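Since the structure comes first, as structure tokens, the remarks are kept for the end.
The values are calculated or read from the model by the stated rules, or taken from the named source; none is laboratory data. Small disclaimer: the values here were computed from a predicted structure and weren't measured. Reconstructed Cβ throughout: ideal geometry from the backbone, glycine too, with neighbour counts over all protein chains shown.
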Amino acid sequence: MTLYVTPARRAHRRHMLDEIMRDWDENYTSELTFPIDVLADNDAFTIKALLPGVSADDLDIQIVNEILTLSGELKTEREEGANYLLAEIPGGKFHRVITLPVPLNAANVEANLENGVLTLVIPKAEEAKPRTIKVKAK
């Protein structure tokens with residue numbers, strides 16, 4: 001038997017799961033998630049995160065050794081007490097931690113948020129870069 005999962009009903013399934021969890025735990029809040037690409041080369045990592053609707057002021061980026069933390073808030077404007085028949089636009093706080101394989105140089109990071117895509121270029125720390133060692137023959 002083959003099971004096909006189509007994205008067309010993914011939002012409905014997520015909503016149903018949120019409702020079940022809210023019934024079970026009154027303090028439950030669903031996590032806002034976003035896709036990330038991480039590209040590694042010899043000198044740096046390039047990270048792209050899809051963050052539509054997030055402004056640069058609502059974004060917090062922290063780097064400690066080889067750990068990158070992206071957090072922030074996606075603000076939605078919904079009328080309080082309004083009778084929404086459908087409310088699928090996500091909103092709320094998000095938090096994502098990515099552990100990279102080598103220490104990073106946090107002093108020289110380039111960050112750019114354009115058209116809802118965050119691009120980070122994070123250089124590797126000098127001690128993490130590969131070195132060529134010349135062997136002397138005697």
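Being out of contact with any Asp or Glu (no Cβ under 8 Å at 6 or more places or on another chain) and either free of Cβ contacts under 8 Å to residues at least 60 places away in the same chain or surrounded by 13 or more Cβ atoms within 10 Å (Cβ to Cβ) (or both) is the filter here, so list the residues in the range 129-138 that pass it.
The answer is R131, T132, I133, K134, V135, K136, A137, K138.
What single numbered condition from (1) out of contact with any His (no Cβ under 7 Å at 6 or more places or on another chain); (2) under 19 Å from F45 (Cα atoms) fails to hold for P90?
Only one criterion in (1) out of contact with any His (no Cβ under 7 Å at 6 or more places or on another chain); (2) under 19 Å from F45 (Cα atoms) is unmet by P90, namely (2).
Would the range 99-109 turn up any residue that is closer than 24 Å to R13 by Cα and either in a loop (DSSP other than H, G, I, E, B) or of a type outside the set (D, E, K, R) (or both)?
No: zero hits.
Anything in the range 112-128 that is surrounded by 10 or more Cβ atoms within 10 Å (Cβ to Cβ) and either of a type in the set (K, R) or in a helix (DSSP H, G or I) (or both)? List them, or say none.
If the condition is that a residue be surrounded by 10 or more Cβ atoms within 10 Å (Cβ to Cβ) and either of a type in the set (K, R) or in a helix (DSSP H, G or I) (or both), then K124, A128 are the ones that fit.
For the range 74-100, which positions are in contact (Cβ under 8 Å) with a residue 12 or more places away in the chain, more than 18 Å from P35 (Cβ to Cβ) and not basic (K, R)?
Across the range 74-100, the qualifying residue is only T76.
Being modelled with pLDDT of 60 or more and either in a strand (DSSP E or B) or touching a strand residue (DSSP E or B) at 6+ places or on another chain (Cβ under 8 Å) (or both) is the filter here, so list the residues in the range 25-41 that pass it.
Those that are modelled with pLDDT of 60 or more and either in a strand (DSSP E or B) or touching a strand residue (DSSP E or B) at 6+ places or on another chain (Cβ under 8 Å) (or both): E31, L32, T33, F34, P35, I36, D37, V38, L39, A40.
Those residues that are within 15 Å of the chain's Cα centre (by Cα) and surrounded by 11 or more Cβ atoms within 10 Å (Cβ to Cβ), I need them from the range 83-111; list them, please.
Passing the criteria: P90, G91, G92, K93, F94, H95, R96, I98, L100, A111.
Tell me, which residue of the range 36-60 that is free of Cβ contacts under 8 Å to residues at least 60 places away in the same chain and under 12 Å from F94 (Cα atoms) is surrounded by the fewest Cβ atoms within 10 Å (Cβ to Cβ)?
Ranking the candidates gives D60 first.
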